[in-house]
Each structure stands twice: as C-alpha cells, then as structure tokens.
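Right, one structure below, let's go through it.
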Amino acid sequence: MASLDFSLTSLTHEPRNYALFANIHRSNSTQISRTALAKLKRIAVSKSSTELIDHSEPTLEDSVQKGETFRANRDVRRRAKHLWSRFRGENREIKPEISESCDFKCRSDSSIDLCNSVLRNLEQISEDETLRFFEWMRSNGKLKGNVSAYNLVFRVLGRKEDWATAEMLIEELISGLGFRVDFRVFNTLIYACYKKGIAKFGSKWFHMMLESNVVPNVATFGMLMSLYQKTGDVAAAEFAFRRMRRLRVRCQSAYSSMITIYTRLGMYDKAEEVIGYVKEDEVVPNFENWLVQLNAYAQQGKLVEAEGVLMLMKRSGFSPNIVAYNTVITGYGKVCDMDAAERMFQDLGNLKLEADETTFRSMVEGWGRAGNYEKAKWHYQKLKQSGFMPNSSNLYTMLNLQAKHGDVEAAGETIEDMRRMGCQYSSILSSLLQAYERAEVVHNVPLVLKGSFYEHILVDQTSCSVLVMAYVKHCLVDDALRVLRKKRWKDYVFEDNLYHLLICSCKESGHHQEAIKIFTHMPKSDSSPNLHITCTMIDIYTVIEDFSKAKELYLKLKSSRAALDMVAYTVIVRMFVKSGSLEDACLVLDEMEKQKTIIPDVFLIRDMLRIYQKCGLHEKLAALYYKMRKTEVPWDQEMYNCVINCCAQALPVDELSQIFGEMLRRGFTPNTITFNVMLDVYGKAKLFKKARKVFWMARKLGLADVITYNTIMAAYGQGKDFRNMRAIVKKMQFNGFSVSLEAYNCMLDAYGKSRQMEKFKDVLERMKASNCASDHYTYCILINIYGEQGWIEEVAQVLGELKQCGVGANLCSYNTLIKAYGIAGMVEEAVAVVNEMREHGIEPDKVTYINLIRALQRNDNFLEAVKWSLWMKQIGISSSKC
C-alpha cells in the first residue's frame, strides 16, 4: 500500500501573511508530530486574509492591465494529464530524502481530511514538498472533489509565479474534473498578483473568472483596483469598476482607487463622476473614501468643495484628522490662497490637532509660492524646531526666496541644513546655482560659498567644473578664473577639456573677448598645443577678423606636427577664405588630400567647391565632383544647388543637365541662383528648348528674378531669336520688373551683332529715355558695334561720353577700342591706345596684344605684328591664337 513519510521537524518554517483555511483538521491529530503542531500554532491567520477568501474587502492600494481573454484549450485534458509528470514516480511508497525522521505516515487509505491537513502544513513550510505531496494525492485518488487541495497549491504556484501551471490546473478543475469553481480559487491567484504588483496576470485571472461564469466578490474588486492603482492602468481599472457596479458589488476601497487613479492623471471630471457614484450606489464612505474625495477637489483647486467634504466628514462621525486638514492646506497653497491656508493652520489648535511635518512643509511651500519670504521662513524655522526635517522641495523653495531677497547668511544656513540631511555636495551646488540663476543674481554666489562647502568644491573636479561653467555662462570670468587658480585637483586631460568647454561657451554666447581672456590665462605647457582649443581659438579670431593671431596659432599648430583632423582643416580653410587668402586655403586643402584617413564632411566639401570655383580651378572642381559620385556623400538640396552653381564651368552640359534632372526627380527644389545658372548654361550651349523649360519652371515656383529674365533674354539674343527676346521684355515688365541695364545691354549686343542698326538705335533711345545709366559693359558694346560698322566718329563720341561722366575706360573698353581701330584701319591709333593704357596704369593683357596684332595684320603691317608677337613671348604670354 502506497504511503508517504514526512519529517516536518526537519523542514524550515516560512511564516505566511495569510492562510486559506483557518481550521486545521483535528481528527487524525495523533498522527501529526507535536513539533509540527507547535509550528502551526504560530501561523497567524489575519482578518484581511480570511476576508479575502470569503466575503469582506481588504484594505489595499493601487491600478490594472486588461487581461487577455481565456479560451478553453482543446488539448487541456492531455496537458493536465501530464502536468505533474516531472513529479511522478512508480506506484510504491514514496520516501523523500527529508523523511528519515518521519513522525507520521499517510497511506493510500488515509482520509482526504488528513491528507489536506498534511498538505496545509507543508504549504506553510516547503513549496517543493507541497507540490510533491499534491502529486502523491493525485496518484492515490485524493483530489476528486477536493477543491481545498487545489486552493492550497494555487497559493504555492502564486508565490512561485508559475502562471502556466496554475492556468492548466484551473482548466483541469473546470473541464477535467467538472468542479464548480467559486471566487476563492481566482482570489488566491489575484492576491498573489496584487502582492507582487503583476497587473497583467491579475487581469488575466479576472477575465478568466468572468468567462468561467464565476461571480467576483468584494475582495476580488478590492485587490484588482488596488493593483491597478499601483500600476496606473486606467483602462483596466475602468473595466473592472464598470463590472463591479453592474454586479452591484459595493467595495469601498475600489471607489477610492478609481478616484485616486483619475486624480493622479489629472482627469478631475471623471474623479468627480466617481464621487457622485458613491452617493448613487449608496456606498457608506469610510475614512479613506473621504480623504480621496478631499484630495480630488484640493488637487484641482476646488477648495470650497473640499471644505464641504470636510464638513460632511465631521457630520458622518469622523473626528477631525490632521491628514484631512493637511490635504486642504496643501490645496490652498497650490492656488496661492495663503490667508485661507493660514486660517486652516490656526484652526488646528482649536481642534486640538498637532501640526505634523506635512503641515509645516505645505505651509512653507504655499508661502514660498506666494513669494512671502518672512512667512515661509517662520514656518521653516517652526518645522525644524518641532524636530522635523524639511524635504527637498522646502530646501529649494527657501534657496529661491533667499536668492531673490539677497539673504546670503540664511542661504548659508540652508546649505548647512542640506549637508546635515546627507545631500550630495554636487546636488547642493546645482540647487544653489539654479536658485540664483532664476533670481538673476549669480554674482552673489561667491558670497554664499564659504567654509568647508567651498573647500569641497575646490577638491572635487565635477563640482568645480559645474561652478566655473555657471560663472562663465553669466560673464563672471574673473570669478571662474579665481576658482581655477585655487582648485586642488590635478588632472591635465580633464582640465584641458574644461578650458575648452569654457571657451566654447563664451564663443556660442558671442563673448569672444571673454574667450580670449580665458585662453590667455590657461596654464602654460611645454607639450604640444591642444588641437581642439587651438582650433576653437582660430575660429574665434577669424570671427573677430584678427587674422594675424589666427595665422600665428595655425603656424604653431603646424610646427608642433600635430595630426590635424577634419574639423581642424575646416576651421583653418574658412579662416584663409575669410581673410581673402584663397591660395593658402587651396594649399591647406592639398595638404588635407594627402591624408588618406581624412574624409571631408558635406560642409567641408561645399567649402571646397566654392573655393575651387573662386580660384577658377576647373580641373579640381571636376575631380572633386567625380570623386563625390564614387563615395557615399549625402546629396541633399543644398548639395545639389552648390554643385550646379560651382561646377557650371567645369562640367559638360550633359553632366550638369543630368544633375539638375536628378535633383528634380528626388523632389528637391532648386534655388533662384541654380535656375539662373542652368539658364546661362543652356543658353550658351544653344539648348533653347531646355532653357525655356527651366525659365517656365522658375516662374511657376515664383523663383524668377531680374537676373532670370536677363539670362533668358541673353540666351535668345545669342540665338538671334528676337521675337522671344522682345516677348521676354514684355513679360518682365508685366510681372513688375523694370527693364534693367543688363536687359538693355543684351538687346544692344544682340541687335548690334546682327547688324540691325535701326533697332539697335531704338533700344539705345529707349535706354536714355528711361534714365538708365550706362556702365562699362554698355560702352564696350557701343565701341565694339560702332567699330565693326567702321563708325569712328561714333566711337570717338562714346569715348567722349566716358570721359565726361568720369567713368574712364577700363581694360575691356581699351581692348574693344583697339579692335574697333583695327577694323577701321586706324593702326596708329590702335598702338596709341596701348600706350595710353600704360599711362593710366592699366596693364595690357593677352586680349590687348591679340587685338593689336590682328589690327596690324588686317592692315598689312606684318613686320610690326611680328615684333609685337615676339614681345608677347618675351613677357611670357602665349600668342598661339594670334
């Protein structure tokens, strides 16, 4: 016959918070050892736990998560059958390792009551042994109709958080054995979830309970709502609360939990709805209900209603309570009605209630919020005199008031209070700085920092850095430098980083002279200069245009042979660009390109494109562009615009057209300059159809400007499309643009080169009528066109106008005049122009000599032309195109 031996004396007893059953079966007590019974007598069966399983509500706390819906598993019988397979053994007497000194023996013919008594004892002592004995009971037919045994095991599984096994056992109870399960089974599991704060499984058991048609009791809702209050799951709490009201279950703590959840989330309207349900559902409020109602009204500033609740509370037989009064006082403090708060505070004495730490703390906060330093200070002192400690909010409030009222001595006392409370020095310093920053009196901080507190700051790197950063932020550089000179720690890397942060802080706030002051007061070192600090200073000197100092730092950095990074190269390049030394910028870029490990970012790449464009380095522009295509450089809208604008003269038209099309396909919008550049490119390439398309696109996007009209007009002029050129002029005027000088120049050049002299003169007359002053380009066009026509008198007239208006001829004008004299056969005059140029300090260029040589050749002065060609070679100018 199978039997099971247990030595209860050899197991460790673990005290329990509650027991499922208060009465232990006595009929077979002779088989139970005295030691086991002695241990059982020490097991406390609390009132709350007894009520948990039966009917009443526990006093619990907090909120939920909606559980998943339970559905019966079709193979539940198979799973239940093998549930305890890990505990099964052969059908023989089971003798565990701990049963050597057994005091009693359970046999297969023992009664169910006796087995339950043993199981109950084991549940209090050993979870593993409880599960083993439960399996023995199963194998010996002791579980049929034995819900009590299942309840005991559910307690064990709840402690072990073995929810899967618990679920299978419930399914076994419902489906396998056909038991009628009541709320006690689920309450056992819900209680375990409540104790551990596991809302997910608490909701799960609740939903399974409802699907199993088990009616929850007061304890069920009390535990669930308290659980949901803890976790703040408003949706799950609302679901449980609605179900409770539908079932007409009146759980006082559930109403308190629901009100508390809504109040915490600021959902005051819903909190008031629940307060209304308390009356509607005829729930007799307990002390907790009154308190949460008070809190709900006080939190939203409805203090009249709060005092009304306080009066109802008194009428209901509840004696005045300090917690209730504190709630109302706190509410008055939040709305800054401190006269009412003071009245409530004075009422405490009349009601023979003694103010506690919460009372004083609330009064300090309220008067602090109202800005009454004297009242706040009085309550703060009373708080300490009463033997209470201020909280962190009180301390910060007092510091704010002391900073605002310039009470340096009291601020020092508050700092000492913070130290006595065990606050970290760094935390105290941060609170002090925040308070004085808010009051905009950071300059008073040095007066507060004294004694051991200041000594600690000088020793601690973090505190020291926080303080000097605050000083520099508020332009107290001298104070910051004083702290740095007195510091008592040595960490050169940390110190360099700190100085760099201080310099960057000054730079970002635009205090460049302060940054220079910090830099000049840095400790001198024989080692290599700090790369980051030096680059920051180069940037600062560049901003204030002190290029000599910036170049001096660069040379020091270069002589130290420090390895420059990408940021350093960017700063140095921009310094040379701003100083106008484009050649030096190119040299730095050449040096950077030798460093294979440095990959320029998009900002440096755009700088490189602009520099190469300004220097006319078309080959470098093209090389950089094709290199960008091979690498993973991010192409954004700005990058497309920059590449098109800078590489227009360096890339083939087809490549530029491809870039422009790709930009549009990716959804980027070209800017006005990009549109104008593409118009110019297409116009010079005589791709008028594409030019028109770009022009209409610019107009549609509202990005066409005067230059846009001038550029398309020049394109039509070069293509001798006079009809479209005239139409553009009309559109230009129609859209509110006056005809510009550039537009007139375009028309003059186009009509002149096509020898339509009547229209040429007509444009010239219109130009004069509109009071549009000529520029050098206009005079060059006139000289060129008149020269081509052989109208020397008109050329002389133009020259006269140039002298009259005081503009004077420039290189282009002189070159055009030489060309005109050559066409007119006036060779001597052409040579005289070259001499005149030199007299006026204008050095002839290659075009000057080419025009002169062609003038001589045109008029059969070949010997003179050869002389000038040899002169060109002698001065280093190629004459290949002559």
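Being closer than 16 Å to PHE668 by Cβ, open to solvent by 10 Å² or more (accessible area, probe 1.4 Å) and not aliphatic (A, V, I, L, M) is the filter here; which residues of the range 611-640 pass it? Across the range 611-640, the qualifying residues are PRO634, TRP635, ASP636, GLN637, GLU638.
One residue stands out in the range 144-166 among those that are assigned to a helix (DSSP H, G or I) and among the charged types (D, E, K, R): the one that is most open to solvent (accessible area, probe 1.4 Å), namely LYS160. Those helices (runs of 4 or more DSSP H) of the range 570-648 in which 2 or more residues are of a type in the set (Asp, Glu) occupy 582-594.
Quick check, is THR674 of a type in the set (Ser, Thr, Tyr), assigned to a helix (DSSP H, G or I) and more than 30 Å from ILE785 (Cα to Cα)? Considered against the rule, which asks whether it is of a type in the set (Ser, Thr, Tyr), assigned to a helix (DSSP H, G or I) and more than 30 Å from ILE785 (Cα to Cα), THR674 comes out as yes. Only one entry of SER738, SER774 meets the criterion of being in contact with an Asp or Glu (Cβ under 8 Å, 6 or more places away or on another chain) and in a loop (DSSP other than H, G, I, E, B), and that entry is SER774. Residues that are open to solvent by 40 Å² or more (accessible area, probe 1.4 Å) and in contact (Cβ under 8 Å) with a residue 60 or more places away in the chain within the range 213-231 comprise LYS230, THR231, listed in sequence order.
Within this structure, CYS780 fails the test of being surrounded by 17 or more Cβ atoms within 10 Å (Cβ to Cβ), farther than 29 Å from PRO844 by Cα and not charged (D, E, K, R).
Here's the yes/no breakdown for (1) under 17 Å from PRO446 (Cβ atoms); (2) modelled with pLDDT of 95 or more:
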site: THR462; (1), (2): no, no
site: VAL468; (1), (2): yes, yes
site: CYS475; (1), (2): yes, no
site: LYS486; (1), (2): yes, no
site: TRP489; (1), (2): no, no
site: TYR492; (1), (2): no, no
site: GLU495; (1), (2): no, no
site: ILE503; (1), (2): no, yes
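The set of residues in the range 470-479 that are surrounded by 16 or more Cβ atoms within 10 Å (Cβ to Cβ) and in a helix (DSSP H, G or I) comprises ALA470, TYR471, VAL472, LYS473, VAL477, ASP479. Taken over the range 167-209, the criterion of being among the aliphatic types (A, V, I, L, M), within 45 Å of the chain's Cα centre (by Cα) and in a helix (DSSP H, G or I) is satisfied by LEU189, ILE190, ALA192, ALA199, MET208, MET209. For the criterion of being more than 16 Å from THR188 (Cβ to Cβ), at pLDDT 75 or above and surrounded by fewer than 16 Cβ atoms within 10 Å (Cβ to Cβ), GLY141 passes.
Listed by first and then second residue, the pairs with beta-carbon distance under 6 Å, at least 6 apart or on different chains, first residue in the range 824-835 and farther than 13 Å from LEU856 by Cα, second β-branched (Val, Ile, Thr) and at pLDDT below 80, form an empty list.
Of all the residues in the range 430-469, those that are within 30 Å of the chain's Cα centre (by Cα) and part of a helix (DSSP H, G or I) number 19. For the range 715-742, the set of residues classified as crowded, with 16+ Cβ neighbours inside 10 Å and among the small types (Gly, Ala, Ser) consists of ALA715, GLY717, GLY719, SER740, listed by residue number. Filtering GLU843, GLU793, GLU864 for residues that are open to solvent by 20 Å² or more (accessible area, probe 1.4 Å), at pLDDT 80 or above and not hydrophobic (A, V, I, L, M, F, W, C) leaves a single hit, GLU843.
The residue that is nearest to ARG246 (Cα to Cα), counting only those in the range 256-275 that are over 34 Å from the mean Cα position of the chain (by Cα) and open to solvent by 30 Å² or more (accessible area, probe 1.4 Å), is GLU273.
Within the range 821-837, identify whether any single residue is under 30 Å from SER738 (Cα atoms), modelled with pLDDT of 80 or more and either touching a helix residue (DSSP H, G or I) at 6+ places or on another chain (Cβ under 9 Å) or open to solvent by 20 Å² or more (accessible area, probe 1.4 Å) (or both), and answer yes or no. No: zero hits. Being open to solvent by less than 10 Å² (accessible area, probe 1.4 Å), aliphatic (A, V, I, L, M), more than 15 Å from PHE760 (Cα to Cα) and touching an Asp or Glu at 6+ places or on another chain (Cβ under 8 Å), is that true of even one residue in the range 699-714? The answer is no; no qualifying residue exists.
The values are calculated or read from the model by the stated rules, or taken from the named source; none is laboratory data. In this text the structure is predicted, and so the values were computed from the model without any measurement. Glycine also receives a Cβ, built like all others from the backbone with ideal geometry; neighbour counts cover every protein chain displayed. Side chains are part of the model used for accessible areas, which takes the heavy atoms of the whole protein and leaves out ligands, DNA and RNA. Shrake-Rupley method; radii C 1.70, N 1.55, O 1.52, S 1.80 Å.
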